[in-house]
Each structure stands twice: as C-alpha cells, then as structure tokens.
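The values are calculated or read from the model by the stated rules, or taken from the named source; none is laboratory data. It should be emphasised that the depicted structure is a prediction, and the values quoted were computed from it without experimental measurement. Please note: Cβ atoms are built from the backbone with ideal geometry, for glycine as well, and neighbour counts cover all protein chains shown. Accessible surface is based on the protein model in full, side chains and every heavy atom, while ligands, DNA and RNA are left aside. Shrake-Rupley method; radii C 1.70, N 1.55, O 1.52, S 1.80 Å.
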Amino acid sequence: MDWMSISGGPAGGCLALLYAYRDGAASPLPVRAVFEMVGPPSFCHEDWGIYGLAEGTQDSHAAAAGLFSVMAGQEITPGMIAANSYTEQIRGISADMWVTEQSPPTLAAYGVHDRICPFPSVARLIRALEQHHVPYDYIEFPHSGHGLRNDGRLYEAYMDKREEYLDKYTQQAQKSAPAGFPPDRGAPNILDLY
C-alpha cells in the first residue's frame with residue numbers, strides 16, 4: 001500500500017478528520033481523501049447548546065470546562081470558557097483548526113436534528129475547508145438526527161459520492177503509483193474508524 005483513504009462515523013468521524021488534517025502530512029501512507037459522518041469537528045462551547053454549554057452562565061461555563069477538559073485531556077477552567085481563552089487546549093481535538101491547503105478532499109454528512117453531535121459545529125468545518133480551498137462535499141440530512149436514518153435518498157447520495165471520491169482520488173494515486181503497483185484497484189485502501 002502506498003496511500004489510503006480514511007473514514008469514520010461518530011467518534012470515529014472525529015478521529016478520521018483529525019488524522020487526515022492534523023497527522024496526514026506525517027502519515028507513512030499519504031491520505032488521499034477523508035469520508036466521515038456525524039463526527040464532531042469542533043469543540044467551541046458556543047456550538048454545544050444542545051448540552052446547555054452556550055448559555056453564558058457560571059453553570060454552563062463549568063459544564064463546558066468539565067466536558068472539554070475530559071475530551072482534550074487538559075485542564076480547562078470555567079474562567080477560560082467565559083473568556084474564550086481555551087483555543088490551544090481544544091486544538092488537539094478540533095479538526096476544523098487543522099485544515100490547511102494541503103488537507104485531503106473531504107466528504108462529510110450531518111443530520112440537522114442531531115442531539116449528540118452539535119449541528120452548529122459543522123459550520124466551522126465548512127468555513128475552514130472553504131477558506132483553505134480544500135475540495136469537499138457536504139451532505140446535510142434535513143430530517144435526520146445522529147443516525148442519519150430519515151433521509152434515505154441522501155444516504156444513497158452520500159454513498160454514491162463516496163464512490164466518486166474513491167474513483168477520482170484513488171485513480172490519481174494509481175496514475176502516480178510506482179512501477180509494480182497493482183494495476184487493478186481491488187479493494188480500496190480505506191481505514192474505517194467506528
């Protein structure tokens with residue numbers, strides 16, 4: 001194997017995005033594309049209103065500090081939440097903060113009614129991809145929550161788009177592959193994180 005695509009859903013989606021954007025440049029196998037569904041791309045408390053973390057109260061700041069401290073493995077205080085001075089502490093878990101011009105093409109899907117992965121956090125990812133001119137497709141499921149179960153046609157569209165990405169970005173890998181690389185693609189080099 002000389003390249004890979006990486007994929008994941010929920011927490012695995014978050015990990016897939018982090019690996020592709022943060023660690024992809026140092027990866028022993030170049031990451032050609034990332035596919036993910038409902039993985040939280042950002043840990044800014046303003047986006048986590050479904051958990052009561054965006055209320056601007058002492059209690060909501062304490063709750064955000066507790067959750068994000070556990071997620072990031074670093075101390076974040078309620079005062080840091082109130083002052084919005086915790087960016088460096090959440091950087092390691094916020095994929096949107098790692099997007100660069102070199103980030104791989106991205107296919108993402110989110111449910112508007114998700115009660116687990118805060119839907120507002122998606123906007124930060126989309127802005128970062130656009131700002132850095134990263135090829136991406138975003139499929140929004142208007143009738144679905146975390147399971148993306150209520151928009152069957154859109155799920156099919158996501159899977160079709162995933163095949164398009166594999167064809168487009170793995171074909172590019174095939175064309176630049178060294179001599180002796182298998183000419184038929186066979187099973188794609190996808191690492192799924194679920």
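Structure notes:
- FRET efficiency for the Thr100 to Thr57 pair, using the beta carbon distance and R₀ = 45 Å, is estimated at 0.80.
- In the chain, the portion of solvent-accessible area held by carbon and sulfur atoms comes to 54 percent [1.4 Å probe, whole percent, DNA, RNA and ligands not counted].
- Most to least accessible of His143, His133 (protein chains only, probe 1.4 Å): His133, His143
- The chain: projected area of the alpha-carbon convex hull, averaged over directions, in nm²: 11.2 nm²
- Paramagnetic label reach from Ile50 (point 7 Å along Cα→Cβ; backbone nitrogen cut-off under 13 Å): within the range 106-133, residues 110-123.
- Peptides 1-9, 39-47 ordered by average Cβ neighbours within 10 Å, highest first: 39-47, 1-9
- Extension gain, Arg91 back to Lys168 (0.36 nm per residue minus Cα-Cα distance, nm): 24.6 nm
- Each label point was placed 7 Å from the Cα along the Cα-to-Cβ direction; for Ile139 and Asp160 their separation is 0.9 nm.
- Charging the Cβ of each Asp and Glu at -1 and of each Lys and Arg at +1, and nothing else, the dipole of the chain about its Cα centre rounds to 260 debye.
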